[in-house]
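The values are calculated or read from the model by the stated rules, or taken from the named source; none is laboratory data. All values derive from a computational prediction rather than experimental measurement. All Cβ positions, glycine included, derive from the backbone under ideal geometry; neighbour counts span all protein chains shown. When the accessible area is computed, the model is the full protein with side chains, heavy atoms only, and any ligands, DNA or RNA have been set aside. Shrake-Rupley method; radii C 1.70, N 1.55, O 1.52, S 1.80 Å.
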Amino acid sequence: MNTAHTADPADKTVPADDDPPTGRLHGLLRRTRREYAAGHDRPLGGYLAAMAGFAGYTAAWATAVRLRGRPLPDRPEPWDVALTSIATFRLSRLLTKASVTSPLRAPFTRYVAPQGPAELHEEAKPEGSRHTAGELATCPFCMSVWVASSLTAGQLLWPRATRTAMGALAALAGADALQLAYGRLIDRTTGD
């Protein structure tokens, strides 16, 4: 009788479908996760899945660019870098902090409090893959990687439409800065 498949919890045998090298690898991964986390909940598996998703996403649009047959520029133009930076900043904040986009984040986050003009402070839900998605959905720095990649792909695949959208995002960032500066000026003038 093969005891490798028994359901007895006291049975310490290695399951037949789990060969020793695989068992050692799983043990190494569990130990690495435990040692890295130092008692905190760090979803390394979720982060690994997010990195794999980003690699797949980037590979897909890089393939699309290659199939279009357009030559890549030798180097990015300074104007495009500046426009991409401003547009990335504004779109990342819009996706991760704006009140109006909170329904997109709600499945992965929970509301905590207001945070600045028309922005929210939210926290990632602690459950498994939702935690990683919630961290991405509430972190403008994390989201910037995805947004900058998307805008870069857009510039290579649909340059005119993408630059038009980036111009609108840059104008929105400028308008936000003016609104905040105007608000401070009013506060200073009225003494509030």
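Springs join every pair of Cα atoms under 10 Å in this Gaussian network model of the chain, and among PRO43, PRO73, PRO21 the largest mean-square fluctuation is at PRO21. Accessible area per residue was computed with a 1.4 Å probe on protein heavy atoms; LEU104 scores about 120 Å². Spin-label model, VAL65 to ALA106: label points 7 Å out along the Cα-to-beta-carbon direction sit 3.6 nm apart. In a reduced charge model with +1 at each Lys and Arg Cβ and -1 at each Asp and Glu Cβ, the chain shows a dipole moment near 500 debye about its Cα centre.
Checking (i) 31.9, 86; (ii) 16.3, 51; (iii) 23.8, 88 against Rg and Dmax of the Cα atoms in Å calculated from these atoms, the matching label is (iii). Only Cα pairs under 8 Å and 6+ residues apart enter the sum, and on that basis the relative contact order of the chain stands at 20 percent. Across the stretch 141-156, computed HN-Hα scalar couplings (Karplus, 6.51 cos²θ - 1.76 cosθ + 1.60, θ = phi - 60°) run 5, 5, 5, 4, 4, 5, 5, 4, 5, 5, 5, 5, 4, x, 5, 7 Hz from first to last residue, x flagging Gly and Pro. Adding -39500 (n - 2.57) for every DSSP H run of four residues or longer, then dividing by how many residues the chain holds, sets the calculated 222 nm ellipticity at -22500 deg cm²/dmol. Considering the dipole of the chain built from charges on the beta carbon (Lys and Arg +1, Asp and Glu -1) around the Cα centre, which of PRO76, ALA64, LEU178 is farthest to its positive end? Farthest towards the positive end: PRO76. For THR109, enumerate residues with amide H under 5 Å from its amide H, sequence gap 5+ or separate chain, H modeled in the peptide plane. The answer is LYS125. Under 5 Å from the amide H of HIS121 lie the amide H atoms of VAL112, ALA113, GLN115, each residue being 5 or more positions distant or on a separate chain, with H modelled from the backbone and absent for Pro and chain starts.
Here the accessible area of the chain is 65 percent carbon and sulfur, with a 1.4 angstrom probe and all protein chains present. Just so you know, the averaged projected area of the alpha carbon convex hull for the stretch 119-179 sits at 5.3 nm².
Toward the positive end of the charge dipole of the stretch 20-87, with +1 on the Cβ of Lys and Arg and -1 on the Cβ of Asp and Glu, the farthest Cα among GLY23, HIS40, PHE54 is that of GLY23.
The phi torsions of the stretch 182-191, fed into the Karplus equation with coefficients 6.51, -1.76 and 1.60 and a -60° offset, translate into couplings of 5, x, 5, 5, 4, 4, 5, 5, 8, x Hz, rounded to whole numbers, with Gly and Pro shown as x.
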